[in-house]
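The block underneath contains the structure these notes are about, expressed in structure tokens.
Bear in mind that the values in this text are calculations on the coordinates, not laboratory data. A quick note: this is a predicted structure, and the numbers were derived from the prediction, not measured. Glycine also receives a Cβ, built like all others from the backbone with ideal geometry; neighbour counts cover every protein chain displayed.
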Amino acid sequence: MLQEKVMVADALNAMNSGLKSYADMITQTEHRQLRQTLQNLRNDAETSQYELFTLAKSKNYYEPAQCAGSEDIRKVKSALCGCDCK
């Protein structure tokens with residue numbers, strides 16, 4: 001079971017790295033058709049990553065971070081928009 005847990009974690013890390021690479025390529029691509037193809041590939045990869053994440057969570061291989069509280073969310077919004085968001 002530990003070996004399976006490690007393999008799932010490795011797969012999730014690889015998928016997350018791949019998603020970051022897609023984001024980098026998409027933002028640097030001017031060619032519309034290539035950009036759309038990369039976006040479609042990224043969307044498919046995000047779906048696969050979420051399915052594996054859900055499986056890992058259901059088998060207790062992964063413990064997600066605790067949900068942020070409303071005050072933490074307000075602080076991040078405020079920092080991002082440069083205002084005192086409610």
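Here are some notes:
- Filter pass, residue 58 being exposed (fewer than 11 other Cβ atoms within 10 Å of the Cβ), out of contact with any helix residue (DSSP H, G or I) (no Cβ under 6 Å at 6 or more places or on another chain), of a type in the set (Gly, Ala, Ser) and under 23 Å from residue 6 (Cα atoms): yes
- In segment 21-43, the residues that are surrounded by 11 or more Cβ atoms within 10 Å (Cβ to Cβ) and basic (Lys, Arg): 35, 42
- Condition met for residue 69 (at positive phi, surrounded by fewer than 13 Cβ atoms within 10 Å (Cβ to Cβ) and out of contact with any Leu (no Cβ under 7 Å at 6 or more places or on another chain)): no
- With respect to the conditions (1) closer than 30 Å to residue 2 by Cα; (2) under 16 Å from the mean Cα position of the chain (by Cα); (3) of a type outside the set (Ser, Thr, Tyr), residue 26 falls short on a single one, namely (1).
- Residue check for residue 66: within 30 Å of residue 2 (Cβ to Cβ) and either free of Cβ contacts under 8 Å to residues at least 24 places away in the same chain or of a type outside the set (S, T, N, Q) (or both): yes
- Hey, residue 47 closer than 26 Å to residue 3 by Cα and either touching a strand residue (DSSP E or B) at 6+ places or on another chain (Cβ under 7 Å) or without any contact (Cβ under 8 Å) to a residue 12 or more places away in the chain (or both) or not: yes
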